[in-house]
Amino acid sequence: MKLVRQTAPYIRKKVTVERMMLDVIIALLPSVIFATVYSNGAALAILAMSLATVLASEYIYTKITKRELTKATLYAGAITAIIFALTLPTTLVTSGEPVIGLYVVFVGAAFAIIVGKLVFGGLGTNIGNPAAIGRVVVILAFGSVLTYDAASGATALGTLKSTSENFVEQFNNAMEYYSFKDLFFGTIPGSMGEVSALAIIIGAVYLFYRKAADLRSTLSMLASFSIIILVAALGLGVNPFEYLLFHLLSGGILFGAVFMITDPVTSPTTARGRIIFGMIAGVLTALIRIFGAYPEGVAFAILMANMFVPSIDYYKWQNTKYTRKFVIGVTTTMAVLSLIVFLGIGGIA
Amino acid sequence: MISKTTKIVHDQNFKLKLKSKEYFNPKHVYLPIVNARCANGEVFIKEGDLVKVGQVIGVRDGGFFTQPIHATISGKYVGNQKMFHRGGKLVDCIKIENDFKHETDESVVPMTFEQVKQLDKEEFINKVKNSGLVGLGGSGFPTYIKFQTKDKINSVLINGIECEPFLSSDYKILMEEPIRLVKALDIIVDFFNAKEGIIVFKEKYHDIAEVLSATLKEHGNDKLRFETVPDYYPAGWEVSMFKDVLGLDVPPGTLPTAMGVIGFNSSTVVGLYRALILGMPVTKRFFTLTGNGIKYPRNFRVIVGTPMNELIDDCGGYTDADKDVNKVLILGGPMMGTSVVRDTVIVTKTTTSLIVLDEVIEKEHECIRCASCTYSCPTGLIPVQIMNATKSKNAEAVKKLNIKSCILCGMCSYTCTSKIHLTEYMRKAKKLVE
């Protein structure tokens, strides 16, 4: 027995970063299970390819940099791999050449982990959400391979994109084709982890109950997204609540708000910062959906919001309190953006 | 978990209700000639001289104040010996051999409660000064200087909150010395001509509330009362106490007296009672010896100057002393205390406790920016950003991130999911902007 010196404090809370990451993986399981069952197991091929690519890259990275391969690194890598895989459609391997599909998964996952994370120095150092980076690479590089449904060829959001003179009629048609029940349970074409709102909500309840993620950016992303969509509905002349529900249940907004925006590494480190961060992502998602060329843009929106993080965290602007200035700033910004959207969509005429 | 931590959870197996054990007969006592606040000192007696309890045998010089050294037992001065002080340094100590007679010195003259109340300000302050009374909660700040304030004081608060886990000295004082506490508070309120005197403790201690209700009924007046605060960390921080009890915000860098309030630690107040009414300086104090590294944890009342290894032996020694488990010795609480590597450290006026813990080496992970430290910081700082600025030696950013108001409470390290020792970075950051 020796008497040894330490520095205060001498006791620590019984929490570990490993457990927190494991909780995220557990929260992802409902979506994984849904995807597997709904695709008759095809989802497993994509998941396995993604996991193998990411974990192998992490392993090689620790060998090159002579670091220790910790449980935390493995879990973090697994989270990236699973999230990335879940943003892809199972049609990648079920229709067309499975080999090409898996090649797409491999390139996307490799890009996500290597360019998205490892070049910055591994866990805790990356500035962009790695899964979102992988997803964006796949959209940009392999757009033609990404067919969602062999039969209809369009996702729920895709049906809103094709130009038509009468948007109200077009929206009603879309709602007829995709009922809210289908959207909620996920029996629709789309990215395998994003389609089932139910599976995501089950995961989210666990995730936030375990406090493995920060609810602030999620809520702020969903709230700002909803505001812009509601304003757009007013401008388009459709039922705002049906329009909002349709948007919330389709595409990747729920999945992104629960599993991607909450990635702590790429989030700001203050409560107000996270609210601003979620707001940027939410507004951008809505803007891409309404005005953009792509039907969906959660991954783009999150990556753009990531780019604002260093500015949000700039030391001269730090304050941990919700000051009046902050509240006024946030409300004014949202009001101005809503007005621009309303005018831009042709709401006056 | 990404959350605001307010409670320190610990598995403490400690018999709070057990009566404090009196340990009044150490063979020798050691009285440091210098300490953390006083760099110089002088001894008035010669080797072989006989001393009595309460006798002035030397003086410490702290620059802008001096502090008498009192003998804490009666016996023979057998020379100086280097011993470890709570700061971890070897210092010269006056060594007195106990004659076990506990004879009191002639200079110790008791006064009645009424006599004390009739003292004028100058006499009062002089009496406190000559007693050598300092902040016994651990600050060691000379108490008489607090009485010299020119500000108008409205509220006097006694801090018996003790928010750090493992500690129970304040609890013991409130339970075992309520009459002295109330009477001394009466004297302080009178001295400042304040509107109110409040004893503050944690709301979970219903037994203290019972004891104080009864005591205040008999010995109190309508200016004196008690208040409770919720059980959170750091409830015992003076600023939190003023906020919780009076709803008063004391901005960082402002002295509470400027806002009309003043706080005293409960043990300091009992020390004040001894100094004024009994005429006796601090010769004994409550002392907690606990932690999972000690066999039979207990509260003590000890003579100031007792080496701690005697107390450790009295507690049955270390647990698993023969095994290869290293121990960490902590003076003070487990959140803010100082670590020492010798168990022969001596009990001084300001040492409240010794906690012995089995060594646990935490494996540090990369920061994943979960922001638990930001949410948990009681002063509203952003520890993770201060850490990063400190790593890159960016003094300007550290300053702007307001490291000055950091109280080194240890919450950021405690709550960190990656087990990063953030508080250590806070200390470095403070050095960076000095």
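The values are calculated or read from the model by the stated rules, or taken from the named source; none is laboratory data. Remember, predicted model here, so these are calculated numbers, not experimental data. Cβ coordinates were reconstructed from backbone atoms using ideal geometry, including for glycine residues, and neighbour counts include every protein chain displayed.
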* Structure fact -> Reported set for region A:95-123 where residues are within 14 Å of another protein chain (Cβ to nearest Cβ) and part of a loop (DSSP other than H, G, I, E, B) is A:117, A:121, A:122, A:123
* Asked: Out of (1) crowded, with 19+ Cβ neighbours inside 10 Å; (2) more than 8 Å from chain A (Cβ to nearest Cβ), the odd one out for residue B:309 is which?
  -> (1)
* Is at least one residue of region B:254-274 touching a Lys or Arg at 6+ places or on another chain (Cβ under 7 Å) and within 14 Å of chain A (Cβ to nearest Cβ)? -> no
* Could you tell me whether region A:326-348 includes any residue that is assigned to a helix (DSSP H, G or I) and under 14 Å from the mean Cα position of the chain (by Cα)? => no
* **Check on residue B:151, of a type in the set (D, E, K, R), assigned to a helix (DSSP H, G or I) and in contact (Cβ under 8 Å) with a residue 24 or more places away in the chain** => no
* Give the number of residues within region B:362-371 that are at pLDDT below 90 and not acidic (Asp, Glu). => 1
* Taking residue B:41 as meeting all but one of (1) surrounded by 14 or more Cβ atoms within 10 Å (Cβ to Cβ); (2) of a type outside the set (Val, Ile, Thr); (3) farther than 21 Å from residue B:127 by Cα, write down the number of the exception. => (3)
* **Residue satisfying condition, being within 30 Å of residue B:322 (Cα to Cα) and of a type in the set (A, V, I, L, M), within set A:104, A:4** => A:4
* To do: Considering only residues that are β-branched (Val, Ile, Thr) and modelled with pLDDT of 95 or more, look in region A:166-223 and name the one that is nearest to residue A:90 (Cα to Cα).
  => A:200
* Structure fact -> Scanning region B:373-393 for residues that are more than 8 Å from chain A (Cβ to nearest Cβ) and either without any contact (Cβ under 8 Å) to a residue 40 or more places away in the chain or of a type outside the set (Val, Ile, Thr) (or both) gives B:373, B:376, B:378, B:383, B:387, B:388, B:391, B:392, B:393
* To do: Would you mention how many residues in region B:338-367 are touching a residue at least 60 places away in the same chain (Cβ under 8 Å), within 9 Å of chain A (Cβ to nearest Cβ) and outside any strand (DSSP E or B)?
  => 2
* Tell me which residues, restricted to region A:284-306, are within 27 Å of residue A:238 (Cβ to Cβ) and surrounded by 23 or more Cβ atoms within 10 Å (Cβ to Cβ). => A:284, A:285, A:286, A:289, A:296, A:297, A:298, A:299, A:301, A:302
* Asked: What residue, of B:146, B:172, B:129, is part of a helix (DSSP H, G or I) and under 13 Å from residue B:270 (Cβ atoms)?
  -> B:172
* To do: Select from region B:407-421 the residues that are buried (at least 24 other Cβ atoms within 10 Å of the Cβ) and of a type outside the set (Ser, Thr, Tyr) and write down the one among them that is nearest to the other protein chains (Cβ to nearest Cβ).
  => B:410
* **Boolean, residue B:276 is under 15 Å from the mean Cα position of the chain (by Cα) and assigned to a helix (DSSP H, G or I)** => no
* **Set B:228, B:288: member being closer than 24 Å to residue B:347 by Cα, hydroxyl-bearing (Ser, Thr, Tyr) and assigned to a strand (DSSP E or B)** => B:288
* Asked: Of the residues that make up region B:388-407, is at least one assigned to a loop (DSSP other than H, G, I, E, B) and closer than 27 Å to residue B:290 by Cα?
  -> yes
* Could you identify the single residue in B:412, B:370 that is assigned to a loop (DSSP other than H, G, I, E, B), in contact with a Pro (Cβ under 6 Å, 6 or more places away or on another chain) and not aliphatic (A, V, I, L, M)? => B:370
* Structure fact -> Counting only residues in region B:53-86 that are among the small types (Gly, Ala, Ser) and surrounded by fewer than 17 Cβ atoms within 10 Å (Cβ to Cβ), the one farthest from residue B:337 (Cα to Cα) is identified as B:79
* Asked: Which ones in region B:241-288 are closer than 18 Å to residue B:380 by Cα and surrounded by fewer than 21 Cβ atoms within 10 Å (Cβ to Cβ)?
  -> B:243, B:244, B:247, B:248, B:249, B:250, B:251, B:252, B:253, B:254
* To do: Give me a count of the residues in region A:1-58 that are of a type outside the set (Ser, Thr, Tyr), in a loop (DSSP other than H, G, I, E, B) and away from chain B (no Cβ under 13 Å).
  => 2
* Would a scan of region B:330-337 turn up a residue that is hydrophobic (A, V, I, L, M, F, W, C), facing chain A (nearest Cβ under 8 Å) and crowded, with 23+ Cβ neighbours inside 10 Å? -> yes
* To do: Look through region A:263-278, keep the residues that are more than 7 Å from chain B (Cβ to nearest Cβ), of a type outside the set (Gly, Ala, Ser) and out of contact with any Ser or Thr (no Cβ under 6 Å at 6 or more places or on another chain), and return whichever of them is surrounded by the most Cβ atoms within 10 Å (Cβ to Cβ).
  => A:268
* Could you list all residues from region B:338-365 that are buried (at least 19 other Cβ atoms within 10 Å of the Cβ) and either of a type in the set (D, E, K, R) or out of contact with any Leu (no Cβ under 9 Å at 6 or more places or on another chain) (or both)? => B:343, B:349
* **Residue that is farthest from residue A:22 (Cα to Cα) [pool: residues in region B:423-432 that are buried (at least 23 other Cβ atoms within 10 Å of the Cβ) and either under 24 Å from the mean Cα position of the chain (by Cα) or within 7 Å of chain A (Cβ to nearest Cβ) (or both)]** => B:426
